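The values are calculated or read from the model by the stated rules, or taken from the named source; none is laboratory data. Just so it is clear, the structure is predicted and the values come from calculations on it, not from any experiment. As a convention, Cβ positions derive from the backbone with ideal geometry for all residues, glycine included, and neighbour counts pool all protein chains shown.
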Amino acid sequence: MPAFIMPCILTLETTCDETAAAVITDQLEVLGEVVASQEDLHQRFGGVVPEIASRAHVERILPVIDETLKQAGVTLAELDAVAVANQPGLSGSLLVGLMAAKAICFAHNLPLIAIDHLQAHIYACRIASGKNVFPCVGLIVSGGHSNLYRCETPLDFTPLGGTIDDAAGEAFDKVANMLGLGYPGGPAISRVAELGDPKRFKLPRPLVGDDDRLQFSFSGLKTAVRYALFGTGRPAMGAEANLDTQLIGDMAASFQEAVVDCLVNKSLLALQKTGYRRLCIGGGVAANTRFREAIQSATDQAGYELHIPPLKLCTDNAVMGAIAIERFRAGEFESLDLDISAGLVRIPQ
């Protein structure tokens, strides 16, 4: 293997419903990357089914690794380490990636590196910017997470606050289901919201204005959407409701605007409370066009530095696993009895 690509690490990502792998050098050069999505498998259920996700990972993990190595032009024996996201996520999904990583490390006598999936989402900003972005306030906003962190270094995160109920991405999925827009909800709502009136429905902005709390709450907002559309009974929802096209667009735009207002408000509040001047955002909801526009405008006006990765680095991927380079340089390796940690770090209330 040519010396200029040494050392290089294979990174694996199977925390939810994407099976992904990448080969990355210590200079953060991506030699190969593959992401196998499961959207088609979960679409009819309106969300990720853990058992289906884990079985799909089992079927896809080896072909994904094989294709990634071919792209990179390296063999398993030429790697310097294998890194895998072992927290947080769906238990069955995490186990598939971890077992694959352990097997490779055992067979080829390679060091094993653990990746925190949430830290990796913020590290995507480091990869995209091409420069150090730490310290910063980190916002991770996705289907399972809506959390704020004080990020001293790539590996030193202190929770500042997070959702006390639903994550933003989960709310997008459930509202999209009410509107009959299908799964995943985020892109669907963003698309129809472009033609809608964001002022038609007066929806709540939970916890906005409460300057003592760095929490999010989207459950009540989701309920407000249901009541505005269907009242308090138990009517047919989704495609069966036969909602007017303009009403769907207006509600999508109104709901999206409410979520964006909450995210922008609490992000700015976190910057004010920490005294940091830099905000880094990761996660699937960070791909939302309206949110990107609003947070860019708000941070520009307040004089803060903003980093959001390109769209393909917002959703789950293995390139953001390049954070393993930080552990590799520090010699932070794991034994082969490494386990998963599916749950989240407790968020201050």
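Values as computed for the structure displayed
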quantity	calculated
Cross-chain or 6+ apart pairs with Cβ under 6 Å, segment 108-124 first and over 14 Å from Thr14 (Cα atoms), then among the basic types (Lys, Arg) and buried (at least 20 other Cβ atoms within 10 Å of the Cβ)	Ile113/Arg327
Of residues in segment 127-138 being surrounded by fewer than 24 Cβ atoms within 10 Å (Cβ to Cβ) and in contact with a His (Cβ under 9 Å, 6 or more places away or on another chain), the one nearest to Gly161 (Cα to Cα)	Val133
Qualifying residue in segment 180-202 (condition: in contact with a Pro (Cβ under 8 Å, 6 or more places away or on another chain), under 19 Å from Cys262 (Cα atoms) and either at pLDDT 95 or above or assigned by TED's automatic domain parsing to the domain that holds Ser146 (or both))	no
Residue match in segment 260-268 (condition: closer than 15 Å to Gly162 by Cα, touching a strand residue (DSSP E or B) at 6+ places or on another chain (Cβ under 9 Å) and of a type in the set (S, T, N, Q))	yes
Segment 42-78 - residue that is over 20 Å from the mean Cα position of the chain (by Cα) and among the polar types (S, T, N, Q) and, of those, nearest to Ala342 (Cα to Cα)	Thr68
Selected residue [of a type in the set (Gly, Ala, Ser) and over 26 Å from Asp211 (Cα atoms)] from Gly275, Gly249	Gly249
So Ile65, is it in a strand (DSSP E or B) and either free of Cβ contacts under 8 Å to residues at least 12 places away in the same chain or surrounded by 13 or more Cβ atoms within 10 Å (Cβ to Cβ) (or both)	no
Lone qualifier among Val84, Val49, Val96, Val58 - being of a type in the set (Val, Ile, Thr), modelled with pLDDT under 95 and within 25 Å of Gly143 (Cα to Cα)	Val49
Boolean, Asp173 is farther than 22 Å from Leu269 by Cβ, surrounded by fewer than 20 Cβ atoms within 10 Å (Cβ to Cβ) and touching a residue at least 12 places away in the same chain (Cβ under 8 Å)	no
Entirely in segment 4-46, the strands (runs of 3 or more DSSP E) that have 2 or more residues that are in contact with a Ser or Thr (Cβ under 7 Å, 6 or more places away or on another chain) and in contact (Cβ under 8 Å) with a residue 24 or more places away in the chain	18-25, 30-37
Any pair with Cβ under 6 angstrom, 6 or more apart, that starts in segment 278-290 at a residue that is farther than 17 Å from Asn265 by Cα and ends at one that is buried (at least 24 other Cβ atoms within 10 Å of the Cβ) and hydrophobic (A, V, I, L, M, F, W, C)	Gly283/Ile140; Gly283/Val141; Gly284/Cys314; Ala287/Cys314
Tally, over segment 282-296, of residues that are farther than 11 Å from Leu263 by Cα and among the charged types (D, E, K, R)	2
Residue match in segment 90-106 (condition: touching a residue at least 40 places away in the same chain (Cβ under 8 Å) and either in a strand (DSSP E or B) or of a type in the set (Asp, Glu) (or both))	no
Verdict on Ala171 being small (Gly, Ala, Ser), farther than 17 Å from Gly283 by Cα and in the same structural domain as Cys280 (by TED's automatic domain parsing)	no
Matching residues, segment 158-169, being free of Cβ contacts under 8 Å to residues at least 60 places away in the same chain and within 16 Å of the chain's Cα centre (by Cα)	Asp166, Ala167
